[in-house]
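> Before I ask anything, here is the structure I am working with.
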Amino acid sequence: MAAALRPVKRQVTAALLALLIAVPLLWVTLSAVGAALDPGAWAGLRADLQWPRALAMTLWTGVAATALSVALTAWLLAGSFPGPLWQRSVRVLSPMLAVPHAAFAIGLAFLIAPSGWLLRLLSPWATGFEAPPPWPTTQDPWGLGLIAVLVAKEVPFLLWAAASQLQRADTATRLERELDAARSMGYTRQAAWWRVLWPQLWPRLNGPLVAVLAYSLTVVDMALVIGPTSPPTLAVLAWQWLLDADPGLNAQGAAAAWLLAALVGLAALAVQALTRWLHWRQRWVRGTRGQPGPAQPRTWNLWPLAGAYGAVLAALAVGSVSGVWPFPQFWPASFSLQGWESVGASARTLWVTLALATASSATALLWAVAWLECAPAAWDARLRRLVYLPLLLPSVLWVVGLHRLSLAWGIDARWPGLWLAHSLAAAPYVLIALSPAYQGFDARYAQIAASLRKGHWAFLLRVKWPLLKAALLAALAV
């Protein structure tokens, strides 16, 4: 009787979990849809001469950053997995992911600005500069600075998503055996990796790849710090219009945000089509064997990128205590703690931030684990289209819907409103990071546990969740 009721209990739990996230998500989305029904907003957008160039800049920076991030991720994986070099590289992913996007952009600006550390290091003995040159190293008109900072932040995220698959105890050994088998057939180490491991890993990175593409196309904070300004990206332009005191420009900003949402949706469909095309053509597994030859040393790792992160953080640290710092001196002439004193005076804000991050990330993880454990496959496939809305809707448009929801529910400018907003935004990232490992878990472990008369909770606590520890921690960290 208990065994017969278990599927019913799971479906009831899944229905409650679906309602918990579907109601606020649909409310936010419908509130944002209202901003797209104003014909005057679209007429004003069409008449504005800035948006076509802003749209082109968005496409260029977003697609280029995503393509470079995927290529660099694959290159680093091919040169380090499996082996001790990969294990050492994985350890530095957590601190790299922990660096906030805006803080990284500011630190990079401190490094590459005309008066930044790099030129100070070379001036005046190498460059002859006695004053900062008029170079567009930050907010350049080509968007190269924005592309660089996006790649630097998204590569660790993609590597972490790959690590959640490659670090699984039930798959890592199998993949290593398959690579060894390919080597024994005459393939070189690199050829074996591309023909054996990458075809299995690429479909599992589809969700993280869509998340990276969506973020690169809709990012606002980093684009404001280091992105182009003439023209800006479409997300920045929409944000500026939404902040304007003119209601007409506010509506125009909402229309631009919906245009950006359509762009993200088309880009996600393109990624799905590319994945299916590559699978159909089987391009990764074709080709002839290479010569066995001597074993190739593995020297590619994350340490150069980790060094760049260290330099960025060092620039932020020195900049936070610098006083008078004339160019081209490499070191500040005086130091001041005034900035840190201002931060210390806002200690309550720091505690609110920490508590909010902990509560929202834990909530998203608990919901994702419960959903993946209870929901039938058909339910999961349908609900994901709704859960992924915070990724597909640009942040500027998402904020419009969240603000209207918080006003309607009476939680505007309160802790529950902040917690709900952050939890809804974190849920799709956690679900994307956790799903491949959770859904790819070997079901035979559950059968063995059942044959030993172990209950479902004992199986989860002693077998499944310990084996998925790396994936769970990766989802929580994201």
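The values are calculated or read from the model by the stated rules, or taken from the named source; none is laboratory data. Here the structure is a predicted model, which means the values were calculated and not measured. Every residue, glycine as well, gets a Cβ built from its backbone with ideal geometry; the counts of neighbours run over all protein chains shown. Each accessible area value is taken on the protein alone, full model and side chains, heavy atoms only, with ligands, DNA and RNA left out. Shrake-Rupley method; radii C 1.70, N 1.55, O 1.52, S 1.80 Å.
> Enumerate the amide H contacts of Phe335 below 5 Å, restricted to partners 5 or more residues apart or on another chain; note that Pro and chain-start residues carry no placed amide H.
Gly323
> Return the Rg/Rh ratio of region 364-478 with Cα-based radii and a Kirkwood Rh.
Here Rg/Rh amounts to 1.08.
> Tell me the label only: which of (1) -0.73, -0.90, -1.40; (2) -0.69, -0.81, -1.15; (3) -0.66, -0.82, -1.38 is log10 I(q)/I(0) by the Debye sum over Cα atoms at q = 0.09, 0.10, 0.13 Å⁻¹ as calculated from this structure?
(1)
> Accessible area per residue for the chain in Å², computed with a 1.4 Å probe and the full protein assembly in place, what is it?
50
> Hey, another quick one. At a 1.4 Å probe, what is the % contribution of carbon and sulfur to the accessible area of the chain?
Of the solvent-accessible surface of the chain, carbon and sulfur hold 68 percent.
> Distance from the Cα centre of region 185-263 to that of region 95-150, in angstrom?
Each part's Cα centre sits 22 Å from the other's.
> Shifting gears a bit: Is any helix in the chain, taking whole DSSP H runs, at least 30 angstrom long along its axis by alpha carbon and on average at least 0.5 on the Kyte-Doolittle scale, and which ones?
2-33, 51-78, 144-166, 247-281, 347-374, 415-439
> In deg cm²/dmol and to the nearest 500, what is the mean residue ellipticity at 222 nm of the chain if only DSSP H runs of at least 4 residues count, each as -39500 (n - 2.57), divided by the residue total?
One gets -23000 deg cm²/dmol as the mean residue ellipticity at 222 nm.
> Sticking with this structure for a sec: Could you sort Lys454, Lys9 by their accessible area in this structure, using a 1.4 Å probe and putting the largest first?
So, going from the largest accessible area down, we get Lys9, Lys454.
> Would you please calculate the Kirkwood hydrodynamic radius of region 149-265 over all C-alpha pairs and express it in Å, rounded to one decimal?
17.3
> Positive end of the dipole of the chain, charges at C-beta (+1 Lys, Arg; -1 Asp, Glu), about the Cα centre: which of Val210, Gly128, Thr138 has its Cα farthest in that direction?
Comparing the listed Cα positions along the dipole, Val210 ranks first.
> Starting from the Kirkwood radius over alpha-carbon pairs of region 105-218, derive D by Stokes-Einstein at 20 °C in a medium of 1.002 mPa s and give it in µm² s⁻¹.
Calculated translational D: 121 µm²/s.
> Still on this model: For Cα pairs less than 8 Å apart in space and 6+ apart in sequence, what is the mean separation divided by the residue count of region 22-144, i.e. the relative contact order in percent?
19
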